[in-house]
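What follows is calculated from the coordinates using simple rules that are stated; it is not laboratory data. All of these numbers come straight from a predicted model, not from anything done at the bench. Don't worry about glycine lacking a Cβ; one is built from the backbone with ideal geometry, like all the others, and counts go over all protein chains shown.
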Amino acid sequence: MTMMMHCPSISPFSCKSPSPSLPCYFSQRPSCRPFRHVRLGSPELRQVRVFNVDKITLWRVNSRGKVLKVKCSAGDGEPLKVMISGAPASGKGTQCDLIVKKFGLVHISTGDLLRAEVAAGTDIGNKAKDFMTAGKLVPDEIVTAMVTARLSLQDAKEKGWLLDGYPRSYAQAQSLEEGNFRPDIYIVLEVPDEILIDRCVGRRMDPLTGKIYHMTNFPPETEEIKARLITRSDDTEEKAKSRLQIYKQNAEAVSSTYSSIMKKINGNHSKDVVFNEIDSLLSAVKKSKEEAAKIVTTQLANPASNKGKWRGIPTRLNNIPHSREIREYFYDDVLIATQRAIRDGKTRIKVEINIPELNPEMDVYRIGTLMELVRTIALSFADDGKRVKVCVQGSMGEGALAGMPLQLAGSRKILEFMDWGDYGALGTFVKIGSIGGAEVEEQDDIYILVAPQNAVGNCIINDLRAMTDAAGPRPVILINPRLKDLPGSSGIMQTMGRDMRLEYAASFEICYFFRLLYYMGSQYPIMGALRMAFGYPYELFKRVDVQFGKEEYRLLSTFDQRPTSDEINNAFLGKPKSKVKPASGIWGFLSGILQ
């Protein structure tokens, strides 16, 4: 079976088709070459990345040998889910209108919900009315019930949603988290206090139309309108300051829940300038979700795949060699996170993945799996017209001090002998090189460095720094780096420049992290796993035996920053994050696993 990309708006290229009778169309754009054919169920299927493609055409052969053509949509991915926060008069209402108009999201405002529920006389509305009539705040549980009910309606599921000014407390945020209502992005409009107060004090409302004006920034169109404008009761300087203080308290309480997806925007500009920045952010998130959906569509086209049986992450990870499905799961997982980081403008990033099959420290023969991961990433960027240089370090030092980590011996030859497809990617869009400043060429777009690491008494960081300096703003991706000092018996590398070396090594931002967790001093059984993909928090999973011979990984907790061993211990013990205490004695359980 062959899968081919079809887009009706582009010109056909001649190509080596598996069947002369089957048409083939490829995307034509600068610095790009044709997509290649792949066979469904083949190892190359995972390497297909669909860009600028409207449809996927599948050619199937039925039991009588007849060729059937089936077209299916590549899918647009899940709809956008957005939260926006901003102080009174920050321009949040204006931006919400523009967002809804551009992206078609369902706008959800707690004020509108409360008024609608009260007007409709629902049970929730009647309960809320009692508090509102008494001049009291409506309790969290009532507001949350209204919001979650609205988020659960079909239009919000299909179109996506824009949650305006909610949640306002940590408890509300946690209630949404427990209900699995998590946004893709949390936008915060920032405006200086003095500007906000001036906007409030200068606001006027037309009682006939409800339209809001500002006497300086947005004056009324006519003297007739100006004459009938009124000042709202809460637009005094005293009340504006009070509302601003309440907003700051609420925002601070909520920010910890969404810090990993928070984007702050300077709201002290014109509405068009502010929206352009919001538009750019939301478009990038939307594109990321669409590409993830296309990968899923490709996987669904492969009936041999069993990834659908996994919840969260694959199981039986102690069984090696891993199946191809497990390896491809991690290849795609790493790839999506890497693409997201580079789209976000990151240029110095690293991948740290330590499943047994990708840990050549335990068995140097596993270096082949690491090379396969590198090939997946390189071909994906090459498919988007990027020129990728894959680099492996050479021998370091001179004379008796010359050396190379055993895991990397021969790895360059492995890369050169690997199957890079039959369309000539290797040597054109993908080149093999070494780590060092001299390898940087003008035509290169992205550098992928395979397991850069220090050998005993030798340091790769000088060559690595020279390469990143020469690369400038071009992305450099480290795959499983090991940049800690390994001093020789004579103390070489022990002291001189050590702080600078470690500081440079720490300057690379993690875009993907995966590590299995074991009891201290053992590698069986697996207790759980820690995973992070760029743009999302660290996720702590617990491995659970659900029945004889079967297991699954269940999400235990999330962390905005990489958790310490103590934090992991306490999560496994069921202790709240606020009550975390340093582990000691017997609770060295799982300690040292992240060192």
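Quick check: pseudo-label points 7 Å beyond the Cα along Cα→Cβ at residue 277 and residue 182, how many nm apart are they?
Reported label-point gap for residue 277 and residue 182 is 2.6 nm.
State the extension gain, in nm to one decimal, for the chain segment bounded by residue 323 and residue 248, taking 0.36 nm per residue of separation less the distance between their alpha-carbons.
Values: separation 75, 0.36 × 75 = 27.00 nm, distance 5.10 nm.
Additional length available on full extension: 21.9 nm.
Enter the Cα centre distance for the pair the stretch 531-556 and the stretch 127-157, rounded to the nearest angstrom.
If you average the Cα positions of each part, the centres end up 33 Å apart.
Can you list residues from other chains, or at least 5 along the same chain, whose modelled amide H is less than 5 Å from the amide H of residue 433?
Hits under the 5 Å cutoff: 390, 391, 392.
So which of 271/346; 127/287; 92/386 end up more than 31 Å apart by C-alpha?
Details: 271/346 27 Å; 127/287 42 Å; 92/386 38 Å.
In this structure, 127/287; 92/386 lie more than 31 Å apart at Cα.
Could you work out how much longer the chain between residue 211 and residue 519 gets when fully extended? Use 0.36 nm per residue separation minus the Cα distance between them, nm to one decimal. Intermediate results must be reported in sequence, preceding the final value.
Values: separation 308, 0.36 × 308 = 110.88 nm, distance 6.38 nm.
Taking residue 211 through residue 519 to full extension adds about 104.5 nm, to one decimal.
By how many nm would the segment from residue 155 to residue 469 grow when fully extended, if each residue of separation counts as 0.36 nm and the alpha-carbon distance is taken off? Let's see the in-between values first.
Details: separation 314, 0.36 × 314 = 113.04 nm, distance 4.99 nm.
So the chain would gain 108.1 nm between residue 155 and residue 469.
Under 13 Å Cα to Cα from residue 263, which aspartates and glutamates show up? Leave out anything in the same chain fewer than 8 places away.
Here the aspartates and glutamates satisfying the reach criterion relative to residue 263 are 184, 190, 277, 279, 344.
Among 277-283, 195-201, how do they line up from the highest to the lowest mean number of other beta-carbon atoms within 10 Å?
Working: 277-283: 16.7, 195-201: 19.4.
So the peptides 277-283, 195-201, ranked by packing, come out 195-201, 277-283.
Using r as the Cβ-Cβ distance of residue 227 and residue 134, and R0 as 45 Å, what FRET efficiency do you calculate, to the nearest 0.05?
On the way: r = 37 Å, r/R0 = 0.82.
That gives a FRET efficiency of 0.75.
For the stretch 311-356, just the Cα set please: Rg and Dmax, both in angstrom.
Reported Rg and Dmax, both Å: 12.7, 37.
Quick check: the distance between the Cα centres of the stretch 431-448 and the stretch 192-230, to the nearest angstrom?
Going from one Cα centre to the other spans 58 Å.
In sequence order, what are the phi-derived ³J(HN,Hα) couplings for the stretch 151-157 according to the Karplus relation 6.51 cos²θ - 1.76 cosθ + 1.60 with θ = phi - 60°, rounded to whole Hz, with x for glycine and proline?
Rounded to whole hertz, the list is 5, 7, 5, 4, 5, 5, 5.
Based on the mean of other beta carbon atoms within 10 Å per residue, what is the order of 552-559, 240-247, most packed first?
Numbers: 552-559: 17.4, 240-247: 15.9.
Highest to lowest by the protection proxy: 552-559, 240-247.
Would you please put 105-113, 509-517 in order of how densely packed they are, using the mean number of other Cβ atoms within 10 angstrom per residue and starting with the highest?
On the way: 105-113: 17.6, 509-517: 19.7.
Taking the mean over residues of other Cβ atoms within 10 Å, the ranking is 509-517, 105-113.
Suppose R0 equals 25 Å; then what is the FRET efficiency for residue 387 and residue 417 from their Cβ-Cβ distance, rounded to the nearest 0.05?
Working: r = 21 Å, r/R0 = 0.85.
Calculated transfer efficiency: 0.75.
How long are the semi-axes of the equivalent ellipsoid of the stretch 163-226, defined as square roots of 5 times the Cα gyration tensor eigenvalues? Whole Å, largest first. Don't skip to the answer; put the middle values down first.
Numbers: eigenvalues 254, 44, 19 Å².
For the stretch 163-226, the semi-axes come out at 36, 15, 10 Å.
Would you please classify the overall shape of the stretch 116-227 from the alpha carbon gyration tensor, given that a ≥ b ≥ c denote the square roots of the eigenvalues, rounded means a/c under 1.5, and beyond that prolate means a/b larger than b/c while oblate covers the rest? Display every interim value, and only then the final one.
Numbers: a/c = 2.05, a/b = 1.60, b/c = 1.28.
Prolate, since a/c reaches 1.5 and a/b exceeds b/c.
If I model a spin label as a point 7 Å beyond the Cα along the Cα-Cβ vector, how far apart are those points for residue 354 and residue 119 in nm?
About 5.8 nm separates the two model spin labels.
Please compare each pair in 157/289; 81/157; 286/389 to a cut-off of 19 Å on the Cα-Cα distance and tell me which ones are over it. Could the numbers behind the result be given before it?
Details: 157/289 15 Å; 81/157 9 Å; 286/389 29 Å.
Check vs 19 Å cut-off fails for 286/389.
Which distance in nm do the two modelled labels at residue 263 and residue 97 give, with both placed 7 Å along the Cα-to-Cβ direction?
That separation, rounded to one decimal, is 2.2 nm.
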